[in-house]
Amino acid sequence: MAELDGVLEGVTVAVLGGTGPQGRGLVRRWAAAGIPVVVGSRAAERAAETAEDLARATGGDVRGLANDEPAAAADVVLLAVPYQGHADLVRSMAEALAGKIVVDCVNPLGFDKQGPFALQVAEGSAAQEAAALLTDSVVVAAFHHVSAALLDDSSVDSVDCDVLVLGDDREATDLVRALADAIPGMRGVYGGRLRNAGQVEALTANLIAINRRYKAHAGVRITDV
């Protein structure tokens with residue numbers, strides 16, 4: 001288990017949607033890195049089962065709670081939920097998320113016979129939608145392009161990709177970059193202000209199309225940084 005970045009000392013992360021593919025994979029990786037993690041789900045029993053499974057698999061500190069409880073137990077809260085329920089969940093948890101760093105990795109996507117495509121969001125992006133609803137939180141956009149299949153595969157030692165981290169608060173984006181760096185093979189790269197999150201979310205549609213064509217788990221690498 002690697003030594004944590006100093007900014008992560010004493011930090012607990014809650015993952016809302018932690019029983020879903022991407023959320024579960026991130027819980028696995030952070031727990032294995034020695035970061036305390038709380039699994040959030042609409043069903044407390046399912047959250048507890050997932051937490052027990054991942055704690056046993058990683059030897060890490062993992063707890064499971066219903067979605068209205070993890071925020072109180074964490075410093076950073078990651079949203080890994082389907083876009084269709086994104087606004088309703090965020091709105092219902094505005095009070096619980098006050099004062100927290102909220103990491104939004106939600107991709108507003110649609111699918112039809114031609115494949116994946118980006119949905120239009122009135123605020124510009126899912127992350128900006130969250131920021132508009134969470135006026136007492138600090139919202140950061142990140143982890144949009146990480147393969148859920150690789151994250152949750154215990155046989156994969158290194159998840160080789162860069163994570164674009166966008167936000168308007170330097171300390172918050174530095175902390176989220178450190179969360180990316182804590183996962184072997186992964187690197188957090190500052191990607192600009194939150195207003196630029198829309199094109200980052202939309203790029204996920206291209207990656208899904210690439211993965212389908214080439215039967216791969218493509219990610220993103222930033223060169224010359």
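Would you work out if the range 10-169 is rounded, prolate or oblate? Take a ≥ b ≥ c from the square roots of the eigenvalues of the alpha-carbon gyration tensor; rounded if a/c is under 1.5, else prolate when a/b is larger than b/c, oblate otherwise. All intermediate terms of the calculation are to be shown ahead of the outcome.
Values: a/c = 1.59, a/b = 1.19, b/c = 1.34.
Since a/c reaches 1.5 but b/c is at least a/b, the shape of the range 10-169 is classed as oblate.
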Dipole axis of the range 6-214 (+1 Lys, Arg; -1 Asp, Glu on Cβ), positive-most option in Y214, T12, N107 = Y214
query = For the range 44-156, what is the charge dipole size about the Cα centre, in debye to the nearest 20, if Lys and Arg each add +1 at the Cβ and Asp and Glu each add -1 at the Cβ?
reply = 240
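Kindly point out which whole DSSP H helices in the chain project their C-alpha atoms 20 angstrom or further along the helix axis while averaging a Kyte-Doolittle hydropathy of -1.0 or above.
44-58, 197-214
Taking R0 as 41 Å, what FRET efficiency do you get between T223 and A66 from their Cβ-Cβ distance, rounded to the nearest 0.05?
On the way: r = 43 Å, r/R0 = 1.04.
According to the calculation, E is roughly 0.45.
About its Cα centre, what dipole magnitude does the chain give when the only charges are +1 on Lys and Arg Cβ and -1 on Asp and Glu Cβ, stated in debye to the nearest 20?
On the way: 19 positive and 30 negative charges, 162 e Å.
I would put it at about 780 debye.
About the Cα centre of the range 130-225, how large is the charge dipole given +1 on each Lys and Arg Cβ and -1 on each Asp and Glu Cβ? Please answer in debye to the nearest 20.
The dipole of the range 130-225 has a size of about 460 debye.
Can you classify the range 74-225 as rounded, prolate or oblate using the Cα gyration tensor, where a ≥ b ≥ c are the square roots of its eigenvalues, rounded means a/c under 1.5, and otherwise it's prolate if a/b beats b/c and oblate if not? Let's see the in-between values first.
Details: a/c = 1.70, a/b = 1.21, b/c = 1.40.
It is oblate, given that a/c is not under 1.5 and a/b is not larger than b/c.
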note = Counted neighbours (other Cβ, 10 Å), sorted fewest up, put E171, E123 in the order E171, E123
inquiry  = Run the helix sum for the chain: -39,500 (n - 2.57) per DSSP H stretch of 4+ residues, divided by residue count, reported at 222 nm to the nearest 500 deg cm²/dmol.
reply    = -10000 deg cm²/dmol
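Where a number appears in this text, it was derived from the coordinates with a stated rule and is not lab data. Note that this is a predicted model, so its numbers are computed, not measured. Every residue, glycine as well, gets a Cβ built from its backbone with ideal geometry; the counts of neighbours run over all protein chains shown.
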